[in-house]
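Working notes, beginning with the structure itself.
Any read-out appearing in this document is the output of simple, stated calculations on the displayed coordinates, not a laboratory observation. All figures in this text were calculated on a predicted structure; none of them were measured in a lab. Ideal geometry is used to build each Cβ from the backbone, glycine not excepted, and the neighbour counts take in all protein chains shown.
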């Protein structure tokens with residue numbers, strides 16, 4: 001599989017914006033921005049992420065195309081992983097491969113993740129990469145406009 005991670009560029013962020021405008025992907029991710037079509041808010045959020053010295057972000061490239069991103073940021077005072085793969089590429093193992101590459105590169109442990117309890121694809125990716133469920137939570141998910149149950153997972157290795 002020809003997949004790689006690289007530093008995020010400004011052009012990549014514009015591609016990420018297009019990815020997150022997919023209504024099916026927004027619903028699946030659940031915990032997204034309140035308005036996926038608000039380009040300015042998206043760019044501000046990414047500028048903050050990229051300027052945060054404690055965060056790490058990588059662009060996922062597959063066969064020469066930007067297909068998503070993976071990274072780590074602080075959530076509730078703990079390091080948490082995040083990733084997004086363009087829905088056109090779902091089911092190909094790219095999220096698992098990208099997350100594994102990121103975990104090999106980023107030594108921070110323990111590392112946490114969260115996923116809606118019905119986001120079976122993301123939960124499977126996290127499980128394949130060694131994350132284990134350690135709790136549950138409920139929060140308002142902008143991507144669905146309602147409270148959503150989520151699993152909290154942790155990676156210790």
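In which sequence would 154, 45 go, from the one with the fewest C-beta neighbours within 10 Å to the one with the most? Present the calculation step by step, with values, prior to reporting the outcome.
Values: 154 18, 45 13.
If I rank by nearby Cβ atoms, fewest first, I get 45, 154.
Please work out the FRET efficiency for the pair residue 43 and residue 65, using the Cβ-Cβ distance as r and a Förster radius of 25 Å; give the result to the nearest 0.05. Taking R0 as 25 Å, the efficiency between residue 43 and residue 65 is 0.75. Full extension of the segment from residue 34 to residue 22, taken as 0.36 nm per residue of separation minus the current Cα-Cα distance, would add 3.0 nm. Distance between the 7 Å Cα→Cβ label points at residue 127 and residue 76: 2.1 nm.
The value of relative contact order for the chain, using C-alpha pairs under 8 Å at least six residues apart, is 24 percent. With a cut-off of 11 Å on the backbone N, the residues of region 47-81 near the modelled label site 7 Å out from residue 101 along Cα-Cβ are 58-70.
Taking only the alpha carbons of the chain, we obtain Rg and Dmax values of 14.5, 38 Å in that order.
Neighbour counting of Cβ atoms within 10 Å sorts the residues 19, 69, fewest neighbours leading, into 19, 69.
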